[in-house]
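The block underneath contains the structure these notes are about, expressed in structure tokens.
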Amino acid sequence: MVVGIALGQFIPGMAGALDSLAIGSVSLPIALGLLVMMYPVLAKVRYDQTGAVIKDRKLMITSLVINWVAAPAFMFILAWVFVPDLPEYRTGLIIVGLARCIAMVMIWNDLACGDREAAAVLVAINSVFQVFAFGALGWFYLQGLPSLLGLPTTSADFSFWAITISVLIFLGIPLLAGFLTRTIGERTKGRDWYEGKFLPKLGPWALYGLLFTIVILFALQGDEILARPLDVARIALPLLIYFLVVFAAGMVLGKILNLGYAKTTTLAFTAAGNNFELAIAVAIGTYGVTSGQALAGVVGPLIEVPVLVALVYVALWSRKRFFATDPLTPSKESSHA
């Protein structure tokens with residue numbers, strides 16, 4: 001994050017040059033970073049085991065409720081509590097809450113030794129819901145619900161195609177590549193070779209892609225962050241509360257439902273993470289690059305990245321403290337070794 005902001009500040013024209021490399025609202029450098037980041041993680045998924053995840057009704061229903069009912073509603077409340085006098089930032093925060101994570105959550109889940117197969121299924125479900133539900137929920141939380149409560153409303157004219165393209169690029173391409181890589185690799189060389197020799201060489205590229213994405217993102221958006229530090233602080237507080245509370249809720253619910261450590265961790269991270277690229281793209285496409293809504297989208301990863309990295313350690317600590325007798329933990333741990 002620091003390197004990205006510094007590059008944007010000290011190399012004249014760099015941010016403008018990076019920003020010009022885009023197709024529509026999709027930044028090509030960020031898209032490249034996300035693809036490199038997600039491909040190795042999705043190549044690790046054992047797709048022949050995803051059927052069992054889909055049959056886990058407790059996990060599926062709980063994830064859908066948290067992601068598409070509880071989390072957006074909670075962000076709506078936080079936005080009105082913390083920035084009631086700043087409609088642009090309030091709208092931007094609500095958009096962040098609606099953009100459910102389909103990319104970076106795979107990294108957090110993998111680092112915390114979560115269930116890869118469950119993460120792949122939940123991310124795919126989030127993607128389908130995102131395409132069809134984002135616009136409707138945007139109207140509900142920006143116009144419908146405020147109107148019912150007697151609050152000011154905000155325009156919510158989102159591009160269906162912008163959302164669809166974001167999902168197809170940031171999930172569809174690496175998901176297809178990961179599936180084909182595992183299928184072809186196992187058929188030609190066998191699972192032992194694939195998981196014992198190929199994946200260890202491919203795995204580090206996920207973190208390289210993550211670091212590259214963060215550097216590019218903050219090189220592009222550093223000016224906005226540095227120009228309005230007080231505004232950033234006001235936006236940051238509700239975001240911080242949101243990530244911590246939603247993650248904690250996922251962990252507690254998973255423990256109550258006896259999902260086991262791996263699936264509980266996956267539930268928590270898929271609920272707490274957000275699709276920052278989609279939130280920024282929607283905010284810029286709808287309200288403009290210099291809008292307060294766009295700034296709120298930019299501040300999202302500024303808070304999300306360090307907080308969710310910290311929560312990886314919280315999850316790993318909770319495994320020893322609350323899931324010590326979990327029969328799934330040893331096998332999952334060995335599969336991540």
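Observations, loosely collected:
- Neighbourhood net charge (11 Å Cβ-Cβ; Lys/Arg +1, Asp/Glu -1) for Leu267: +1
- The chain: angle of helix 261-272 to the longest principal axis, Cα-based, in degrees nearest 10: 20 degrees
- Highest-MSF residue in the chain out of Ala52, Ala120, Ala99 [GNM, Cα springs under 10 Å]: Ala52
- Working note: 222 nm ellipticity from helices only, DSSP H runs with n ≥ 4, each -39,500 (n - 2.57), summed and divided by the residues of the chain, gives -23500 deg cm²/dmol to the nearest 500.
- Folded to 0 to 90 degrees: helix 276-287 orientation relative to the chain principal axis, Cα: 20 degrees
- In order along the range 220-232, the Karplus-derived 3J(HN,Hα) couplings, from 6.51 cos²θ - 1.76 cosθ + 1.60 at θ = phi - 60°, round to 6, 10, x, 4, 5, 5, 6, 6, 9, x, 5, 5, 4 Hz, and Gly and Pro are given as x.
- Rounded to the nearest Hz, the phi-derived 3J(HN,Hα) couplings of the range 314-322 under the Karplus curve 6.51 cos²θ - 1.76 cosθ + 1.60 (θ = phi - 60°) are 4, 4, 5, 5, 5, 4, 6, 8, 10, where x marks glycine and proline.
- Spin-label model, Leu148 to Val309: label points 7 Å out along the Cα-to-beta-carbon direction sit 4.0 nm apart.
- Amide H within-cut-off set for Arg100, under 5 Å, with H built and near neighbours excluded: Asn275
- Rounded Å value of the spacing that divides the Cα centres of the range 132-195 and the range 245-298: 12 Å
- Cα lying deepest toward the dipole's positive end in the chain, options Trp68, Ala296, Ala15, charges on Cβ: Trp68
- Cα pair distances in the range 2-336, grouped into 20 Å bins until the bin that holds the longest one, percent each: 32, 58, 10, 0
- Long-range HN-HN contacts of Arg46 with modeled amide H, under 5 Å: Glu117
- Net length available on complete extension from Ala324 to Ser155 is 55.9 nm, with 0.36 nm assigned per residue and the Cα-Cα distance removed.
- Note on the chain: lysine pairs with Cα distance below 25 Å, sequence gap of 8 or more or different chains, count 26.
- In a reduced charge model with +1 at each Lys and Arg Cβ and -1 at each Asp and Glu Cβ, the range 75-161 shows a dipole moment near 80 debye about its Cα centre.
- Taking amide H as placed 1.01 Å from N in the peptide plane, the amide H of Ala22 sits under 5 Å from that of Leu28, each at least 5 places away or on another chain.
- Shape call, the range 1-114: gyration tensor on alpha carbons, a/c limit 1.5: oblate
- Whole-Å semi-axes of the range 90-202's equivalent ellipsoid (Cα gyration tensor): 39, 14, 10
- Distance histogram in 5 Å bins (all Cα pairs of the range 185-337, percent per bin): 2, 8, 14, 15, 15, 14, 12, 9, 6, 3, 1, 0
Here, each number is a calculation from the coordinates, and none is a lab measurement. In this text, all values refer to a predicted model and were calculated from it rather than measured experimentally. Cβ: placed from backbone, ideal geometry, glycine included. Neighbour counts: every protein chain shown.
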